[in-house]
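Here's the structure we're looking at; comments come further down.
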Amino acid sequence: MNENKKENSFVFNANDIRQQVTLSAEPEVQPQDFADAFPGRDVLRKISVKLEFTSAGEEILAHGAVSAVLSLECSRCGEPAVREYNDSFDECFPNSVEYIDVRENIRETLSLMEPMKVLCSVNCKGRCPQCGADLNKVKCSCEPLKASPFAALKQLRPEK
């Protein structure tokens, strides 16, 4: 598929939508088409997009459902966590437009999919703060830290 045709799969003629009143599309999308939505490399593994356009009086309504498989790093242990995420967007375009380009809508939806905290599993034990061992794989022999986080405050209090 040439690059120009691929770009056109995200650009729709508004006259076609107005004539048909509704238009549905499922453009073929490759991960490299929207890889720039994420700061990391190879984060986006798989993507699918379903679009629906509706001509409604003075506006054309666009609804997009985006599904993506992302490979992210676990917040606790640092191991890869591959999960599927789904989100959607709704956008109104004035009836006066000639073409509707949904690439930026898809890119924005993808960039907002990444959760703030990623876990490889709900029961992830993370890493040992002393030796760095992955506690999901090994049981380290480090002694747990017993110092109170408030111990430094005792030094601020004058002795009697």
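The values are calculated or read from the model by the stated rules, or taken from the named source; none is laboratory data. This structure is a prediction, so every number in the text was calculated from the model and none was measured. Please note: Cβ atoms are built from the backbone with ideal geometry, for glycine as well, and neighbour counts cover all protein chains shown.
Assorted remarks:
- Close pairs (6 angstrom Cβ cut-off, 6 or more residues apart or separate chains): at pLDDT 90 or above in segment 1-21, surrounded by fewer than 10 Cβ atoms within 10 Å (Cβ to Cβ) and not hydroxyl-bearing (S, T, Y) anywhere: A14/E98
- Number of the exception - S148 against (1) of a type in the set (S, T, Y); (2) under 30 Å from L23 (Cβ atoms); (3) without any contact (Cβ under 8 Å) to a residue 24 or more places away in the chain: (2)
- For segment 62-71, residues that are touching a residue at least 24 places away in the same chain (Cβ under 8 Å) and surrounded by fewer than 19 Cβ atoms within 10 Å (Cβ to Cβ) total 3.
For (1) touching a strand residue (DSSP E or B) at 6+ places or on another chain (Cβ under 7 Å); (2) surrounded by 14 or more Cβ atoms within 10 Å (Cβ to Cβ); (3) under 30 Å from A65 (Cβ atoms), each residue gets a yes or a no:
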site	(1), (2), (3)
R83	yes, yes, yes
F89	yes, yes, yes
Y99	yes, no, yes
L112	yes, no, yes
C131	no, no, no
K139	no, no, no
E143	no, no, no
A151	no, no, no
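- All conditions but one from (1) over 22 Å from E28 (Cα atoms); (2) in contact (Cβ under 8 Å) with a residue 40 or more places away in the chain; (3) touching a Pro at 6+ places or on another chain (Cβ under 7 Å) apply to E59; the one that does not is (2).
- Enumeration of residues in segment 101-110 that are more than 14 Å from the chain's Cα centre (by Cα) and buried (at least 16 other Cβ atoms within 10 Å of the Cβ): V102
- Note on segment 56-73: residues that are within 18 Å of the chain's Cα centre (by Cα) and of a type in the set (G, A, S) amount to 5.
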